[in-house]
Structures are given as C-alpha cells and as structure tokens.
Amino acid sequence: MELGVGDVSQRAATGSLPGWDDVESLVVEAWQRNRGVDDGTVADYIPILAEADPTAFGIAVVEVDGDTHDVGDVDVAFSIQSISKAFVYALVCAEIGHEAVLERVGVDNTGLPFNSVMAVELAAGHPRNPMVNAGALATTALIPGDPADQWRFIVDGLSRFAGRALELDDVVYGSEAATNQRNRAIARLLESYGRIDRDPLEVVDVYTRQCALRVTAHDLAVMAATLADGGVNPITREQVVPATVCRDTLAVLAASGLYEHSGEWLFEIGLPGKSGVAGGVIAVVPGKAGIGTYSPPLDRAGNSVRGQRAVAFLSRALGLNLFASDAARAADTPHTSPGHTEGTPA
Ligand code: GLU
C-alpha cells in the first residue's frame, strides 16, 4: 500500500492545530489529492457491502472545541462495522473496569486477519486483540444484561459518542446475519475455552447489529474527537466515558486498529486509528481532533485505501505524528520521508 506520504512536506508544527482556514485548506487538499486514487476493492464477503459506490469519498475533521471541516461525501451513511469495536471496547471498560477487560480480552495485536479463527487458538482461547472479531465478540459478551439490554447499551453508548441517535441498517444487518458463519464459529470456539459465558449465537447477533449501525464520516470524526478529548463529546459536551478509559482505548487502537497493517499505519502516521470493512476510518489526535473518512475500496487487510492516504497526508502536513519531536518534524521533508513496503501478506 502506497500511502502517498513521501511527497508531503510539513506545513504546520504547533502544540495546537493551526487556525481554521489552514486546517480547512489541508483537508480540502487531502481530498483533492486522493479522490482520483482507484486502488483497492470494495468488500463483498457481506453481500450488501458490494453495492457501495466505490467513488464515494469524504473526509471530516472535528476539533475538540467543536470546529468542523467537512469535505466531500461526509453525509453518506454506511455501516460502522469494525470501527464499532473501538467504542464498544471503551464503553465496556467504563462499565466493568480496565482489569476485567484486560484479563478476559487482552490488548495485543495477533497479526492475523480480522476474521481469523486461528486468533482464538493461539493462546488457549485468549483472544488477545479486542480490535478483531474474536476479541470483539468476547468484549460484546461482557456487556451486562440480556441481549436486549446489551443492544440498548451499544446504541445508547455509540449515539452519545456521535452526539445524535444512531440507527440500525436493517439491510446490512440481514445480509451479514445470513452469512456470518465464521463469526458463529469463532464465538463457539470462545465458548469452548470459557471465554464467553453466555449463549454464543446471541453474542454474535448483538455484535452483528453493532457492526450494522449507520454512521457518516462526519459522525466518525465527532466520535474520534470524543476519544481525543478524554471522553468529552465536542458538540454535546457530554462526558461519554472517563478520561482514563480513553487513554486505554487509544493505546489499543495504536497497537491494533488497522488489522495486520497496524504497525505500518503507526510507523507512517503515528496516530491511534481504527478502520472498518464498509470503508470507514477514524484517527484520533489526542487533545486536538478526531478525523473520520469514508471511501469503500479496501486494501488486502480490509482498510480503506483513500482513507489511509488522506489521514497520512493530514498527519504529515499538520505535524500530528505522536512520536515526532520538533526536530523530527523539522527534518521531515519529502526527501527524507520513509520509503514504503507492502505489509504482511494476506
Ligand atoms: N461485521 C464485520 C465482521 O464481523 C466487521 C468486520 C470489520 O469491519 O473488520 O465480519
């Protein structure tokens, strides 16, 4: 995957983001640079996802003070898919505590594809990575109550992150529910290892619904900005989850948010992020902003191609990489930026 960061020079390197006009023009440039990129393939293993418009492309940036930059198809609704894992993880940590989730689910990248059954077998059923299906199913299983309570907990919690009432996409839910044999197998395996204490098929059903919640790129930016500001929604100002939970969630996203390309993303972009197979991507700039993008064509790991490129551009141009000192930022010219290699084979 070529992220296009090699020809991007640093435009701003400040403790805070530059003024609204400067951020706006860079978001517009991120969109213009990448709208013509036609690499990647729209997901079709959930049949309805294959009908997505491959040209749709939107980038939203919401700053922690609520300032907003919306460019392109930021109001097109799509299913949140795996990006839900980040927010359900945060809500479950807030509900039952850091230690309980750490013990049951873990925080490490397995390096395996998102729907891998092997991920369960690696450590005697310990899923390790809450950002792929095995760990996400184990996380959803930890939500208290019966399946109806669990669903209410998810809809209510993710809506508070978005600052508006999110709704289920019935068509996406139905399409995935009819074809999610792998997730049912993963849940059964987790049950066999004692990692799911309730009916595993009910857990898969709640998880399938959580993945089918409809969001826009703008919603994703608000949700990411909430994680960026210690759990405070930039629009409603509600404290959705505690600041310590955000800190822990961002660490997990840094380690595992982009499937088996997570290391490559962190190396090039230096921000916690999460992607989903419908084409959404979030990136969190702690203390500053949330970024949400939508573009359905995916790379082999399941990450939106244009979304990754757009965030890579913004990270470089705005000096957002969390690991960069001022000296590193100053040295970051098109001539010294890192080369790029294709990541782990699919
Ligand atoms: N609902 C999808 C699945 O479980 C989510 C996959 C993803 O976005 O990674 O297969």
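For ASP197, the conditions (1) in a helix (DSSP H, G or I); (2) at pLDDT below 95 all hold with the exception of (1). Go through region 227-244 and count every residue that is under 17 Å from the mean Cα position of the chain (by Cα) and not in a loop (DSSP other than H, G, I, E, B). Of the residues in that region, 2 qualify. For region 232-255, the count of residues that are more than 16 Å from MET131 (Cα to Cα), at pLDDT 95 or above, crowded, with 24+ Cβ neighbours inside 10 Å and within 14 Å of the ligand (Cβ to nearest atom) is zero.
Selection of region 27-38 for residues being open to solvent by 50 Å² or more (accessible area, probe 1.4 Å), closer than 23 Å to SER9 by Cα and in a loop (DSSP other than H, G, I, E, B) yields ARG35, GLY36. Beta carbons closer than 6 Å, at least 6 apart along the sequence or on distinct chains, pair a first residue in region 27-56 that is more than 14 Å from the ligand (Cβ to nearest atom) with a second that is basic (Lys, Arg) and open to solvent by less than 30 Å² (accessible area, probe 1.4 Å) for ASN34/ARG306; VAL37/ARG306. What is the residue count in region 269-325 for residues that are more than 13 Å from the chain's Cα centre (by Cα), surrounded by 24 or more Cβ atoms within 10 Å (Cβ to Cβ) and of a type in the set (S, T, N, Q)? Here the count works out to 2.
Only one of the numbered conditions (1) part of a helix (DSSP H, G or I); (2) open to solvent by less than 60 Å² (accessible area, probe 1.4 Å); (3) away from the ligand (no atom under 16 Å from the Cβ); (4) not basic (Lys, Arg) is violated by GLU103, and that is (2). Given the conditions (1) among the hydrophobic types (A, V, I, L, M, F, W, C); (2) open to solvent by 10 Å² or more (accessible area, probe 1.4 Å); (3) more than 16 Å from the ligand (Cβ to nearest atom); (4) touching a residue at least 60 places away in the same chain (Cβ under 8 Å), which single one is not true for ILE59? Among (1) among the hydrophobic types (A, V, I, L, M, F, W, C); (2) open to solvent by 10 Å² or more (accessible area, probe 1.4 Å); (3) more than 16 Å from the ligand (Cβ to nearest atom); (4) touching a residue at least 60 places away in the same chain (Cβ under 8 Å), the lone unmet condition for ILE59 is (2).
Looking only at residues of region 108-138 that are more than 12 Å from the ligand (Cβ to nearest atom) and open to solvent by less than 10 Å² (accessible area, probe 1.4 Å), we find that the one that is farthest from CYS211 (Cα to Cα) is GLY125. The one condition from (1) in contact (Cβ under 8 Å) with a residue 60 or more places away in the chain; (2) more than 25 Å from GLY290 (Cα to Cα); (3) outside any loop (DSSP other than H, G, I, E, B) that LYS85 does not meet is (2). Residues of region 158-172 that are among the charged types (D, E, K, R) and in contact with an Asp or Glu (Cβ under 9 Å, 6 or more places away or on another chain): ARG160, ARG164. Scanning region 245-278 for residues that are part of a loop (DSSP other than H, G, I, E, B) and closer than 24 Å to ASP67 by Cα yields GLY270, LEU271, PRO272.
Residues in region 292-314: is at least one at pLDDT 95 or above, of a type in the set (Lys, Arg), out of contact with any Leu (no Cβ under 8 Å at 6 or more places or on another chain) and in a helix (DSSP H, G or I)? Within region 292-314 (the criterion being at pLDDT 95 or above, of a type in the set (Lys, Arg), out of contact with any Leu (no Cβ under 8 Å at 6 or more places or on another chain) and in a helix (DSSP H, G or I)), the answer is yes, since at least one residue qualifies.
Is it the case that THR216 is of a type in the set (Val, Ile, Thr), more than 16 Å from the ligand (Cβ to nearest atom), surrounded by fewer than 19 Cβ atoms within 10 Å (Cβ to Cβ) and within 24 Å of ILE59 (Cβ to Cβ)? Judged against the criteria, THR216 is not a match.
The values are calculated or read from the model by the stated rules, or taken from the named source; none is laboratory data. It should be emphasised that the depicted structure is a prediction, and the values quoted were computed from it without experimental measurement. Positions of Cβ are backbone-derived with ideal geometry, glycine not excepted, and every protein chain shown enters the neighbour counts. Calculation scope for accessible area: heavy atoms of the full protein, side chains included, ligands and nucleic acids excluded. Shrake-Rupley method; radii C 1.70, N 1.55, O 1.52, S 1.80 Å.
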